[in-house]
Each structure stands twice: as C-alpha cells, then as structure tokens.
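Notes for the one structure printed next.
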Amino acid sequence: RRNTNGYAFVRDLNDNPSFVDQCKSSEYDAVLCCVSVQYLEEPEAVFAEIARILKPNGICVVSFSNKFFYQKALQGWIERGMSARARLVSDYFRAAGGFSEGEVQIVGDGRSVVSQFLGMSGIGGDPFVVVIA
C-alpha cells in the first residue's frame, strides 16, 4: 500500500477479469493470489492481466491448499490432486503469455510426509502449494 498511496481496489474477477481501468501496464512489482485461483472462471485472462501489470522481473505468487468450497470451485480443479493442480496453475501462466517455462516454479506438492502427518494429527495445517512466476 505504501507504493500505491493507500489505494486498493476490489473486483469480482469472474465478472470482469480485466484490470485495464484500474492498473497501468508494468505498474506492480508483485501480485499475490492467495487461496482463490480455484474459483477463476477465466484464469488465462486473469493471468494475462497479471503479466501485463507486472513490472519487468516482477513476481507473481499463487498459493493454494487442499481446502476449498466444492460448490464454488471449478470441476477441473475438484477432479485433480495437489500436484496436478500445481501443474494446472503453471499451465495458466504459460497459456497467458508473458511467463516463460523457466520462470514458473512449483514450491511444495502438498504431499510431504510431514504435511500429511501434521494434517492427520490435527497439529498442523493443510497441505500447501505455491506456484511462483
């Protein structure tokens, strides 16, 4: 917020996936999409806008866990496991353009022994994956 002079905006990206009226090209250093990618109806359009508004060498971080609202998530998301969901998000970056194969990194697979053990024991949280471009 410091760099935006306190300006923030909220938009239903399923209603309007464009930031054209809100953001200039190459305006942001980073974009964060936290536990919401599974609800995007036009993910390629949203990711294309992310590519447009990021500065050169900017970063986009998309995170998700295995918890989501089944009634709202897209069928293709529900049918996949954690690793396949991470690959799907990577595919969104590539399909949108502006992100090369080497730039997209998947951190975690949501299946580590520690994650599974902590989740089953009630001590830990959900399996968690981050895709960074």
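Restricted to the range 61-82, and to residues that are part of a helix (DSSP H, G or I) and at pLDDT 85 or above, which residue is most open to solvent (accessible area, probe 1.4 Å)? Show your work before the answer.
Just the residues of the range 61-82 that are part of a helix (DSSP H, G or I), to begin with: 75-78, 82.
Retained after the next criterion (residues that are at pLDDT 85 or above): 75-78.
Numbers: Gln75: 112, Gly76: 26, Trp77: 4, Ile78: 45 Å².
Per the criteria, the residue is Gln75.
From Phe117, Phe99, Phe93, grab the single residue that is at pLDDT below 85, within 14 Å of the chain's Cα centre (by Cα) and not in a strand (DSSP E or B). So that I can check it myself, show each step before the final result.
Details: Phe117 fails: within 14 Å of the chain's Cα centre (by Cα); Phe93 fails: at pLDDT below 85.
The conditions single out Phe99.
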* What number goes with the only condition from (1) within 27 Å of Pro127 (Cα to Cα); (2) surrounded by fewer than 16 Cβ atoms within 10 Å (Cβ to Cβ); (3) not basic (Lys, Arg) that Asn57 does not pass? -> (1)
* Within the range 40-60, can you find the residues that are in a helix (DSSP H, G or I) and charged (D, E, K, R)? -> Glu44, Glu49, Arg52
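Rundown of residues vs (1) touching a residue at least 60 places away in the same chain (Cβ under 8 Å); (2) in contact with a Ser or Thr (Cβ under 6 Å, 6 or more places away or on another chain); (3) more than 13 Å from Val31 (Cβ to Cβ), yes/no style:
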position: Lys55; (1), (2), (3): no, yes, no
position: Cys60; (1), (2), (3): yes, no, no
position: Phe64; (1), (2), (3): yes, no, yes
position: Gln71; (1), (2), (3): no, no, yes
position: Gly76; (1), (2), (3): no, no, yes
position: Leu88; (1), (2), (3): no, no, yes
position: Phe99; (1), (2), (3): no, no, no
position: Gln105; (1), (2), (3): no, no, yes
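The values are calculated or read from the model by the stated rules, or taken from the named source; none is laboratory data. The structure presented is a predicted model; accordingly, all values stated were derived computationally and were not measured. Using ideal geometry, Cβ is built from the backbone for each residue, glycine included, and neighbour counts are taken over all protein chains shown. Accessible surface areas use protein heavy atoms only, side chains included; no ligands, DNA or RNA. Shrake-Rupley method; radii C 1.70, N 1.55, O 1.52, S 1.80 Å.
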